Amino acid sequence: MNILYISYDGMTDPLGQSQVIPYLKYLSGCGHHITVLSAEKRQNFNRNAHTVSRLLNEKAITWQYIRYSARPPVFSTIWDVYKLKSKALKLHRHKTFDIVHCRSYIAALAGLYLKRKAKLKFVFDMRGFWADERIDGGLWNLKNPVYKTIYTYFKNKEKEFIKSADYIVVLTEKARKIVADWQIKISNAPVAVIPCCVDTELFSPQSVNADKISEKQRQLGIQASWKIITYLGSLGTWYMPDEMMAFYKMLQQQKPEYRFMFITYDEPSAVYKLAAKQGVAPDRLIIVKASREEVPLLLSITDIALFFIKPVFSKKASSPTKQAELMSMGVPVICNDGIGDTTEIILQNKAGAVIMNFTPEAYTGIINAVDKLCELNKEHIRNAAERYFSLEKGGEIYNKIYMHLKDVK
């Protein structure tokens, strides 16, 4: 089938390279003719365009893009939506697409326009609850009438997307149930669950050389007697760095052999500031910037991982990429309840522990069990990741969606 895939995330962004391109390559391998239309940020484009172009050309995927507009707020996005609509319609006139597949809400504005204009099948790949994420993350303040108007606009558009979609994709089973409630009286489109997946070949213990692990430990000054608890990713918006550092403070007091490693592009000064706030000495921390390709090596020297995410409404639809990457490396996980299907996946597969509230008593319960958690079967955790998060599984579901729509008149 001839597919137009629209993403407001750039293919030269890290997310585009980890969560979009692998699926497109898989679907191209299934015989679909893929054109991807994305919004590219200048710095990432200048750095990564050659690599991305090569990856897509290898699978005969056509790449078209607009330049992402950063300023002024609101008006820049309106301008980008106009450019996406115009470019999508122009591409359709040249290629005659069967399906327009839209990643999240901004892309869906262009996709719904094209569906109505050209009578295409419309896949609403909603990912999370985008408008609610902006409220829960503090990005939009409903006390500001401008943001209240924007929020109302997108919640109404959300209903339109659901009503008009020929197929809907969400990240979690919890989101599927919520969307099913929303669908009553407005839509009977099928809903599929595809979590944020991981390249299980890259994120594999077998992909990491033992000598490189020893060398990396020497570079970072990690002593043989230490145990490493790791946080992977950025610290802003929906994450809870203060609570994570408070947890680590209690952990190091009871078990001083543990050091806290941050694999993040955030500035080290931000991490040291968090530590000082909680009374954690700088020499207890290891802070590393790493490319995606370097992350598996760093996770190979990790005994256990930690992440806390704000347990707000929008996060019921969230599937943390970091969870997939950690489990694919066989790393046990400590996280909090209220985030998509994370609790069920971790507890049912004995892949770590879940904290139910952010109190010293709750922290103590996990800390008392932390050494046993570090001894959980890594192969078992890895196998669970392959069942839930493999790119192949996600790609198979997308292919089934396309084939289903091919048969629907």
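Can you confirm whether residue 409 is in a loop (DSSP other than H, G, I, E, B), without any contact (Cβ under 8 Å) to a residue 60 or more places away in the chain and not hydroxyl-bearing (Ser, Thr, Tyr)? If you could, list the steps in order and put the result at the bottom.
Numbers: in a loop (DSSP other than H, G, I, E, B): yes; without any contact (Cβ under 8 Å) to a residue 60 or more places away in the chain: yes; not hydroxyl-bearing (Ser, Thr, Tyr): yes.
Yes; evaluated as a whole, the condition is true for this residue.
Quick one: how many residues across region 357-388 are crowded, with 18+ Cβ neighbours inside 10 Å, under 23 Å from residue 240 (Cβ atoms) and among the aromatic types (Phe, Trp, Tyr)?
1
Give me the pairs: first residue in region 176-197 and outside the structural domain of residue 320 (by TED's automatic domain parsing) and modelled with pLDDT under 90, second residue surrounded by 14 or more Cβ atoms within 10 Å (Cβ to Cβ) and in a loop (DSSP other than H, G, I, E, B), beta-carbon distance under 9 Å, and six or more apart or on different chains, which are they?
Filtered contacts from region 176-197: 183/189; 187/165.
Given the structure, is residue 37 over 25 Å from residue 396 (Cα atoms) and surrounded by 20 or more Cβ atoms within 10 Å (Cβ to Cβ)? Break it down stepwise before answering.
On the way: over 25 Å from residue 396 (Cα atoms): no; surrounded by 20 or more Cβ atoms within 10 Å (Cβ to Cβ): yes.
For residue 37, the condition - over 25 Å from residue 396 (Cα atoms) and surrounded by 20 or more Cβ atoms within 10 Å (Cβ to Cβ) - is not met.
Conditions first: (1) over 25 Å from residue 20 (Cα atoms); (2) of a type in the set (A, V, I, L, M, F, W, C); (3) surrounded by 15 or more Cβ atoms within 10 Å (Cβ to Cβ). Residue 120 passes all but one, so which condition is the exception?
(1)
Please enumerate the residues belonging to region 96-119 that are farther than 19 Å from residue 40 by Cα and either part of a helix (DSSP H, G or I) or at pLDDT below 95 (or both).
Correct list: 112, 113, 114, 115, 116, 117, 118, 119.
Say we look at region 5-20 and pick out the residues that are more than 23 Å from residue 122 (Cα to Cα) and not small (Gly, Ala, Ser); which of these is modelled with the highest pLDDT?
12
What about residue 313, is it within 25 Å of residue 272 (Cα to Cα), surrounded by fewer than 23 Cβ atoms within 10 Å (Cβ to Cβ) and aromatic (Phe, Trp, Tyr)?
Details: within 25 Å of residue 272 (Cα to Cα): no; surrounded by fewer than 23 Cβ atoms within 10 Å (Cβ to Cβ): yes; aromatic (Phe, Trp, Tyr): yes.
Judged against the criteria, residue 313 is not a match.
The values are calculated or read from the model by the stated rules, or taken from the named source; none is laboratory data. Being a predicted model, the structure only gives us computed values, none of them experimental. Reconstructed Cβ throughout: ideal geometry from the backbone, glycine too, with neighbour counts over all protein chains shown.
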